[in-house]
1. With the condition kept exactly as written, say whether any residue in the stretch B:147-155 is touching a His at 6+ places or on another chain (Cβ under 7 Å), more than 8 Å from chain A (Cβ to nearest Cβ) and at negative phi.
2. Can you pull out the residues in the stretch B:122-143 that are open to solvent by 40 Å² or more (accessible area, probe 1.4 Å), in contact with a helix residue (DSSP H, G or I) (Cβ under 7 Å, 6 or more places away or on another chain) and more than 8 Å from every other protein chain (Cβ to nearest Cβ)?
3. Taking only the stretch A:440-470 into account, find how many residues are in a helix (DSSP H, G or I) and either in contact with a Phe, Trp or Tyr (Cβ under 7 Å, 6 or more places away or on another chain) or modelled with pLDDT of 95 or more (or both).
4. Quick one: which residue in A:Leu592, A:Leu564, A:Leu596 is in contact (Cβ under 8 Å) with a residue 12 or more places away in the chain, assigned to a helix (DSSP H, G or I) and not assigned by the TED database to the domain that holds A:Ile61?
5. It is to be established whether one or more residues within the stretch A:512-527 are in contact (Cβ under 8 Å) with a residue 40 or more places away in the chain, within 22 Å of A:Ala393 (Cβ to Cβ) and open to solvent by 10 Å² or more (accessible area, probe 1.4 Å).
6. Search the stretch A:150-163 for residues that are more than 21 Å from A:Lys213 (Cβ to Cβ) and pair each with any residue that is outside any loop (DSSP other than H, G, I, E, B) and open to solvent by 10 Å² or more (accessible area, probe 1.4 Å) when their beta-carbon atoms are under 6 Å apart and the residues are at least 6 apart or on different chains.
7. If I go through the stretch A:550-582 residue by residue, how many of them are open to solvent by 10 Å² or more (accessible area, probe 1.4 Å) and not hydroxyl-bearing (Ser, Thr, Tyr)?
8. Right, A:Asp176: among the acidic types (Asp, Glu) and within 14 Å of another protein chain (Cβ to nearest Cβ) or not?
Amino acid sequence: MGPQAASLVLLILFFACNGVNSSSVQQKIYVELKNTFPCVRLLNATHQIGCQSSISGDTGILHVLETESDLNWVLSSGPNPPYLVLMDAQYFNRSTMMRFRDSMRVAGVVLVIPKSSPPQGFSPHNSCPNQGTGVYSKNYGPELADCNTTVWNPLGDGLSYEDFNFPIFSLHEDNDTDIIRKCYQDHNVGVNNSAPQYPLCAMQLFSHMHAVKDTVTCMRRTDIQSRFSISPEIVCDALTDYNVWASIRPLNNTAKGHLNGEKLVVAATRLDSRSFFWDEAPGAESGVAGFVTLLATVQALRAVTETAPTPNNILFVFFQGEAFDYIGSSRMVYDMKNGKFVIDLDNIHSLIEIGQVALRRDSKLWLHSDPVSRKNSSIESEVKKLVSNMQHAGAGLRFSLDEPGVTQPLPPSSFQRFLREGVIPGVVLADHQSAFNNRYYESLYDNAEYLNVTYPPNLSPEEQLEFVTNTAKDVAEVATLVARSLYIQAGGEKANLPNISADPKMVTQMLYGFLVQPNNSWFRALVAPDVVQKLGPRPLQYYIGVHDKSDPIKTSTRIIQYILANFTGTVTNLSQSQCQNPENLPGESKDLYSYLWVQGPVAPNSTQGEGYCIRAPVRLSRAVSPAFELQDYGSKDYSTWAESRWKRINARIFLVASRDLEMLTLGVGVGVLLVSLLVTYFINAKADVLFSSSREPSSTAY
Amino acid sequence: MTVAVFFGCAFIAFGPALALFIFTIARDPLRVIILIAGAFFWLLSLLLSSLVWFIAVKASRQEEATAQKGLLIFGVMFSVVLQEVFRFAYYRLLRKANEGLAAISEENLSPISIRQMAYVAGLGFGIMSGAFSMINILSDSLGPGTVGIFGDSQYYFITSAFMTLAMTLLHTFWGVVFFDSCERNRWWAVAVVLSLHLLVSGLVSPSPSHRSRAVRTHNTCADKRP
């Protein structure tokens, strides 16, 4: 064993040198599971939500939930609690999870995400999204507050807003799930429903969270740490990223506050989504459809605004973090109000927001407006004009536009944050009359398949990129509508309207890139070289996330920034170094434009693209909730969402030995120890008798 | 409750060595020194063989399985030979020390016999090699998992503990035989120790089943006792 030990140690040394930190014995015991997505803890001003494990991980005997009797086994009859439950999506609902939470017999839950979505719909979000931070309150349309008249997300069971004291992970159906099921089948299924024999297959989940209670507490702790500790440990971070905005005509980014004599039409949408799990947020209908529509709108408006400019400027805004109490829009409105943005609220002529638009029923789109501000006669006439403009713009398209009725409030939308600070005429364009058409709102099933962004089999990735889906045609029509509406609204000639139409091919490329495969030739050609490095095979996820020093802007945000730059900007002949610092060049101004270096399309016979520099009126602005700016972590007006930090997110399966075997080992050990003590004592006591030697007499004590 | 396994295995692997230490070594400071020095010499041999192993691994083609297996066998053999070389070096050192001890003692007699030295040095070698082979396994025995998800025997930990026990005792026996044969210039006995050490290691290393390896090594152990 000596040399084997030596080689074992050497092997460990060797592995340690290679950065692999597990001994060969551990490899015999544990199967580490990759590609797991945990539910993590988020905090707001008053609550903590999400999940966490204990600091050393939670271990339970694996049990696969397949029938009702399995549920009973886990909750009451199984002999070996606590159990770690592996379940299919059909059991992942509020009632089951609450029963698990209340029983002490569940150590954790692993959800296997199926390839197909549950037909009955599923939304772990609230039934009244962003309830407390919208415009409707005691002081503003009290009869409309708290979704009193319309429940927007009736399928929402609020699961995402519960606090679980055991870890919950999700896994995609792949090799790992096969290994888990095999381990379960081999070890944990008893004969004829009897208790299975040891050794049993068990699972351990690590997702210990550093933050507790609420944002007030965790920010205070972070603050104390950073003030008094030499190596401060931050316990939570605010959810932040960037809003993206652009305008038809450039705005001077150094001149903040009110712009004299300017009226801008604002077109807004949101960038983000969420689901129960961390960084699993495909957000197809709730986010992607909206911002793809707005991007297509920008592209559709480009040609006509160059030949026949509108009297009023148009501002396109993409808000980040709207799923978490309107982080992006509340920040931009806050900046406008305090003179920290290029325009202020008085510069806004009117606002068109694109909500969820890709799932229309009966060829109808709906124009939601705010009934409270419409009581004001001037606003009423403005809104009426806006609606009639839009209806005029939509004439000849394959859908009709309607208003849902004057007693219904606005759906959850960024526009509500503008209304909190001032009366602005505006509408929210959506595909639903009252409750959402989206049956998977803020869930991980709100994906490409749900929007029917699917492709005939046997298409190569390049062919898929070019294939125009029906969804793309529909979205392009909506974009055409929005573009024409914005053009009229900004004072353009109605005669030019037929020249404005969104390109379905562009839309299908965007949908493919944002929903299916970000690493495609079109995206690679449009973005910066360092963004290209980050394009992975996995579809983009739209959870806002926290500020990361090494990667300060979310990849999806940067892609949108670059696409927007390509759609609004002009190609210059600046070199890469000039592009970074164009300040001293004649005719160039960093105040008016951003200068972005783009990788450029790659010719078929080369590996490197011809890069070029784009000058575009596109900007990023921080989407940090004003609550963190004001250090008012208990704020009722602004989003206070923060994400807890963690050290280790990990899942592994292994066998556990029976208690009998463990006790046997201990018994044998104690026996060996006692026997050897006795034997040695007596042999030592009689050593002079036993070891007397004639040849070499012992001279010392024995 | 895998703490039970931890203590069980620790008692099995190190219980006899502990008993020997308490009753035969701990009372005499000189023996303690020789024990520690023996352990140190084993560590030196390990250090040297790990250097050689490290270089060999870096130099070899890592993707070839057969080359890796050959390398492992070479590593084991080299390490065994090196351990015996260091045992001999330690013998020479103790021999010198013994003369010195005899010179300063009143009756011109060494306070410790070569046989006792041999036993203590052997135990030092054994304890250290046992500790090195067992410590990783012991730390993994704390759980929560146990071996077996890939179809290995669930008796892995207890078998390893008994293996360690056997190696510790074997090192002690080899120490006694080695020193004795050096003393009497019976070089064939040294060769027997070396080949037995090689044999035991060879039985242990490539064998896929832990249970059979334990059985085989225990047989070797039994052969050695008389």
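1. To start, the set of residues in the stretch B:147-155 that are touching a His at 6+ places or on another chain (Cβ under 7 Å) comprises B:153.
Applying the additional criterion that residues be more than 8 Å from chain A (Cβ to nearest Cβ) yields B:153.
Imposing the further condition that a residue be at negative phi reduces the set to B:153.
Yes, the stretch B:147-155 contains at least one residue that is touching a His at 6+ places or on another chain (Cβ under 7 Å), more than 8 Å from chain A (Cβ to nearest Cβ) and at negative phi.
2. Within the stretch B:122-143, B:Ile127, B:Met128, B:Leu142 meet the criteria.
3. Taking the stretch A:440-470 and keeping what is in a helix (DSSP H, G or I), we get A:461-466, A:470.
Keeping just the survivors that are either in contact with a Phe, Trp or Tyr (Cβ under 7 Å, 6 or more places away or on another chain) or modelled with pLDDT of 95 or more (or both) gives A:464-465.
Matching residues across the stretch A:440-470 total 2.
4. Details: A:Leu592 fails: assigned to a helix (DSSP H, G or I); A:Leu596 fails: assigned to a helix (DSSP H, G or I).
The conditions single out A:Leu564.
5. No, that holds for no residue.
6. If the second residue must be outside any loop (DSSP other than H, G, I, E, B) and open to solvent by 10 Å² or more (accessible area, probe 1.4 Å), the pairs left are A:Asp157/A:Arg94.
7. Number of matching residues: 15.
8. Working: among the acidic types (Asp, Glu): yes; within 14 Å of another protein chain (Cβ to nearest Cβ): yes.
Yes: the conditions hold for A:Asp176.
The values are calculated or read from the model by the stated rules, or taken from the named source; none is laboratory data. Everything numeric in this text was worked out from a predicted model, so none of it was measured. All Cβ positions, even for glycine, are placed from backbone atoms using ideal geometry, and neighbour counts span all protein chains on display. Side chains included, ligands, DNA and RNA excluded: accessible areas come from the protein's heavy atoms. Shrake-Rupley method; radii C 1.70, N 1.55, O 1.52, S 1.80 Å.
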